[in-house]
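Okay, so here's the structure we're looking at.
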Amino acid sequence: MQEKLDELLARILEAASARGWDQKTLLQRAGLGPTTLSKLKRAKDARLSTLERLANAVDLTLTLAPRAPVLERLMNRDLFAGPADGD
């Protein structure tokens, strides 16, 4: 879970940086407190609402995606084979 959280935070911080925002500006735009990012970076889990506020501040959206992307399934010739093993 920590790896996914780190990945989400990195994407959000990259988007903020591309806008010329520092972390303080991001937090202000998201309506979050000044210690939120440091807490998230140390956390093993996060509230969805917090991640959504950060993402929305930089015009990103949180979405779910299939485990096996379509291109990968096409390359493996199993696009129509049904759910991936272990589902």
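The values are calculated or read from the model by the stated rules, or taken from the named source; none is laboratory data. Here the structure is a predicted model, which means the values were calculated and not measured. As a convention, Cβ positions derive from the backbone with ideal geometry for all residues, glycine included, and neighbour counts pool all protein chains shown.
Among 27, 51, 64, which is surrounded by 12 or more Cβ atoms within 10 Å (Cβ to Cβ) and out of contact with any Gly (no Cβ under 9 Å at 6 or more places or on another chain)?
Among 27, 51, 64, only 51 is surrounded by 12 or more Cβ atoms within 10 Å (Cβ to Cβ) and out of contact with any Gly (no Cβ under 9 Å at 6 or more places or on another chain).
Quick one: in the range 1-42, of everything that is among the β-branched types (Val, Ile, Thr) and part of a helix (DSSP H, G or I), which residue is farthest from the chain's Cα centre (by Cα)?
25
Determine if the range 47-66 includes at least one residue that is at pLDDT below 85 and β-branched (Val, Ile, Thr).
Within the range 47-66, not a single residue is at pLDDT below 85 and β-branched (Val, Ile, Thr).
Where residues in the range 43-73 are of a type in the set (A, V, I, L, M, F, W, C) and in a loop (DSSP other than H, G, I, E, B), which of them is farthest from residue 21 (Cα to Cα)?
In this case the residue turns out to be 68.
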